[in-house]
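The values are calculated or read from the model by the stated rules, or taken from the named source; none is laboratory data. Predicted model, so just to flag it, every value in this text is computed and none were measured. Note: ideal-geometry Cβ built from the backbone for every residue, glycine included; neighbour counts use all protein chains shown. The accessibility values were calculated without ligands, DNA or RNA, using every heavy atom of the protein model including side chains. Shrake-Rupley method; radii C 1.70, N 1.55, O 1.52, S 1.80 Å.
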Amino acid sequence: MPNQQNIKAVAELESQLEGVQAIYLADYAGLTVKEQVKLRQLVRAAGGELKIAKNSLLNIALKNKGIDTAALATDLTGPNLTLFATSDAVAPLKALVEFAKAREVELPKIKAGILGKEILLRDKVVQLSKLPSKLELLAKLLGTLANPARNLVNVLSAPTRNLVYALNAISKK
């Protein structure tokens, strides 16, 4: 029979799984406490949350939420930190990857991820970390949408501008 502490931990994990866009698993063995605190701050600033949970309890919570964890069986072993990406699926992952690259030994090591209900293997998660964040994509879209209007303004104002240049040149002669 499971104890109350484990039941409470599973319920807490299930509630965290409610509002997430993505979940990522990474091996954090070898990180000092100071580095873990810094990583938590970076991920929190990017819109995510790091949690270290027992693999068996995380597995139960994922199954209760309807996620097939059979593909994660090998990844749910050893010391794992779980990254819950709430507002943006990519930004917290990017923060984790950049933190890992800044260190001599690349830690934490990404193991797998879950985007929606789809299980992502390590290679897919690394590819996902190279995508622009949601904010960057929105800025590019806005720039693309504004370009035709900007070009129209330039075309419409060109004759007036050219007249002013010509009058200015005549006045200087």
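Below, the figures for the structure above:
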| item | result |
| --- | --- |
| Surface accessible to a 1.4 Å probe, per residue, for the residues of the chain, Å² | 63 |
| Selected from Asn64, Asn147, Asn162 as most flexible by GNM, with the chain as the system and alpha-carbon contacts under 10 Å | Asn162 |
| Cα long-axis angle, helix 134-172 against the chain (0 to 90 degrees, to the nearest 10) | 10 |
| When segment 82-146 is reduced to its Cα atoms, the Kirkwood hydrodynamic radius in Å | 12.9 |
| Debye intensity ratio I(q)/I(0), log10, the chain, q values 0.09, 0.10, 0.17 Å⁻¹ (C-alpha model) | -0.43, -0.49, -1.04 |
| Segment 115-173, dipole about Cα centre (Lys/Arg Cβ +1, Asp/Glu Cβ -1), debye to the nearest 20 | 200 |
| Whole-number D in µm²/s for segment 1-66 (Stokes-Einstein; Kirkwood sum over Cα pairs; 10 °C, 1.306 mPa s) | 120 |
| At 1.567 mPa s and 4 °C, Stokes diffusion of segment 31-93 via Kirkwood alpha-carbon radius, µm² per second | 101 |
| Pairs beyond 24 Å (Cα-Cα), from Lys34/Lys94; Lys101/Lys130; Lys65/Lys94; Lys111/Lys140; Lys34/Lys109; Lys8/Lys130 | Lys65/Lys94; Lys111/Lys140; Lys8/Lys130 |
| Apportionment of accessible area to carbon and sulfur, the chain, percent (1.4 Å) | 60 |
| Candidates Val20, Val126, Val37, ranked by Gaussian network fluctuation over the chain, Cα under 10 Å, top entry | Val37 |
| On Cα atoms only, tilt of 4-18 relative to the major axis of the chain in degrees | 20 |
| Segment 40-83 residues near the modelled Glu14 label - backbone nitrogen below 14 Å, point 7 Å along Cα→Cβ | 57-67 |
| Principal-axis tilt of helix 55-64 within the chain, Cα atoms, nearest 10 degrees | 70 |
| Cleavage-rule hits, GluC sites (Glu not before Pro), segment 63-113, DSSP coil, Cβ neighbours within 10 Å at most 16 | Glu104, Glu106 |
